[in-house]
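The values are calculated or read from the model by the stated rules, or taken from the named source; none is laboratory data. Every value quoted in this text rests on a predicted model; they were computed, and no experiment measured them. Note that each Cβ is placed from the backbone with ideal geometry, even for glycine, and that neighbours are counted across all protein chains shown. When the accessible area is computed, the model is the full protein with side chains, heavy atoms only, and any ligands, DNA or RNA have been set aside. Shrake-Rupley method; radii C 1.70, N 1.55, O 1.52, S 1.80 Å.
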Amino acid sequence: MQASDFHLVVMWLVLLQAAASCQSPANISSMLAPQADRVMALGEWEERWQEERTGFHQPHVHKMLENNIDKVLAGRTGVRFFFPLCGKAVDMKWLADMGHSVVGVEISEKAIKQFFEENNLTYSEEPAPAIPGAKVYKSSEKNISLYQCDLYNFSSSIEGQFGAIWDRGSLVAINPRDREKYTALIISLMAKDCRYLLDTLLYNPELYKGPPFFVPDEQVHSLFGNSCDIELVHSVDALTDRQRGWGLDYLTENVHLITLKSS
């Protein structure tokens, strides 16, 4: 081997080692440290809805869903979508209007009722027998069922598995220490052909305590990489005056398409 070839091999090994160390548990823990102990109780989310402190709600279909819907559907019709921490996202009616069915989970009764009322949908309200204390709200006109309960009380035994998941404002909203538990739940809800669209945010967590929380790509791969293939399908500069008001100097919005590895 010539000296130049040897140096190339050494450089390649160094680069591989650097890439591996970036995704090491210690490195990820260091990145997440500023927000690691941040906790939002369910009651605090309900208070935000009651007091209409819901700047995270978007009155229009989310651009990242709109831009990537073909990747999510992959030619399929009548897809069953799951919306974790759904709020009153208008995306749900948009998908139902296209002939898909939607199941959502949300802790705030006010958010659920506002979804139906603001979209002029009549609905029924009944107890969800499999989840103590929970209710399910069902649209009369569209195939939409929204469960009012703690997300972690929901499971595949309630509504089966799903062909698609749209996660905008869910992984970035749960308490950082619960991400492994959340990942296990999401994977358990994925049918074999499920296409999971995940929206994450990158910023300097030293400058803002969240939510929404900082979720680096390295952690997405650490959480889902053993069971799933992960493709970064979109990355945009999402900084607006609202985030500047939080003290942020940059904000990147990343969208990942996650699918189960074929066994």
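Taking 1.567 mPa s as the viscosity and 4 °C as the temperature, the Stokes-Einstein diffusion coefficient of segment 38-260 based on its alpha-carbon Kirkwood radius rounds to 73 µm²/s.
Within segment 104-175, antiparallel bridges make up roughly 75 percent of the DSSP beta bridges whose residues both belong there. What percent does the relative contact order of the chain come to when contacts are Cα pairs within less than 8 Å and at least six residues apart? Result for the chain is 17 percent.
Return the percentage of antiparallel bridges among DSSP beta bridges fully within the chain, rounded to the nearest 5 %.
Details: 26 of 43 bridges.
Antiparallel bridges make up about 60 percent of those DSSP assigns within the chain.
Once you reduce segment 156-192 and segment 243-258 to the center of their Cα atoms, the two points are 21 Å from each other. Once the Cα atoms are used to define both axes, helix 179-188 deviates from the longest principal axis of the chain by about 70 degrees. Note on exposure: I258, I187 ranked by accessible area (1.4 Å probe, complete protein assembly) read I187, I258, with the most exposed listed first.
Every helix of 4 or more DSSP H residues in the chain counts as -39500 (n - 2.57), and over all residues that averages to -10000 deg cm²/dmol at 222 nm. FRET efficiency for the R38 to D70 pair, using the beta carbon distance and R₀ = 35 Å, is estimated at 0.45. Placing +1 on the Cβ of every Lys and Arg and -1 on the Cβ of every Asp and Glu, with no other charges, gives the chain a dipole of roughly 360 debye about its Cα centre.
Annotation: amide H-H contacts under 5 Å for C194 (H modelled 1.01 Å from N, sequence separation of 5 or more, or interchain): L260.
If you put +1 on each Lys and Arg Cβ and -1 on each Asp and Glu Cβ, how big is the dipole of segment 41-138 around its Cα centre, in Debye rounded to 20? Don't skip to the end; give the middle numbers.
Values: 12 positive and 15 negative charges, 79 e Å.
So the magnitude is around 380 debye.
Comparing Q161, Q243, Q35 in a Gaussian network model of the chain (Cα springs below 10 Å), the most mobile by mean-square fluctuation is Q243. Each residue of segment 25-36 was assigned a 3J(HN,Hα) from its phi angle through the Karplus expression (A = 6.51, B = -1.76, C = 1.60, θ = phi - 60°), giving x, 5, 5, 5, 4, 5, 5, 8, 3, x, 10, 4 Hz with x at Gly and Pro.
Each residue of segment 205-222 was assigned a 3J(HN,Hα) from its phi angle through the Karplus curve 6.51 cos²θ - 1.76 cosθ + 1.60 (θ = phi - 60°); the sequence is x, 5, 9, 8, 7, x, x, x, 8, 6, 10, x, 4, 4, 6, 4, 5, 5 Hz, with glycine and proline shown as x. Taking amide H as placed 1.01 Å from N in the peptide plane, the amide H of C86 sits under 5 Å from that of V105, E106, each at least 5 places away or on another chain. Placing +1 on each Lys and Arg Cβ and -1 on each Asp and Glu Cβ, with no other charges, gives segment 166-240 a dipole about its Cα centre of roughly 300 debye.
Enumerate the aspartates and glutamates that K71 could reach by cross-link, defined here as Cα to Cα under 15 Å, with residues fewer than 8 away along the same chain left out. Once the sequence-local aspartates and glutamates are set aside, what remains near K71 is D167, D193, D199, D229, E231.
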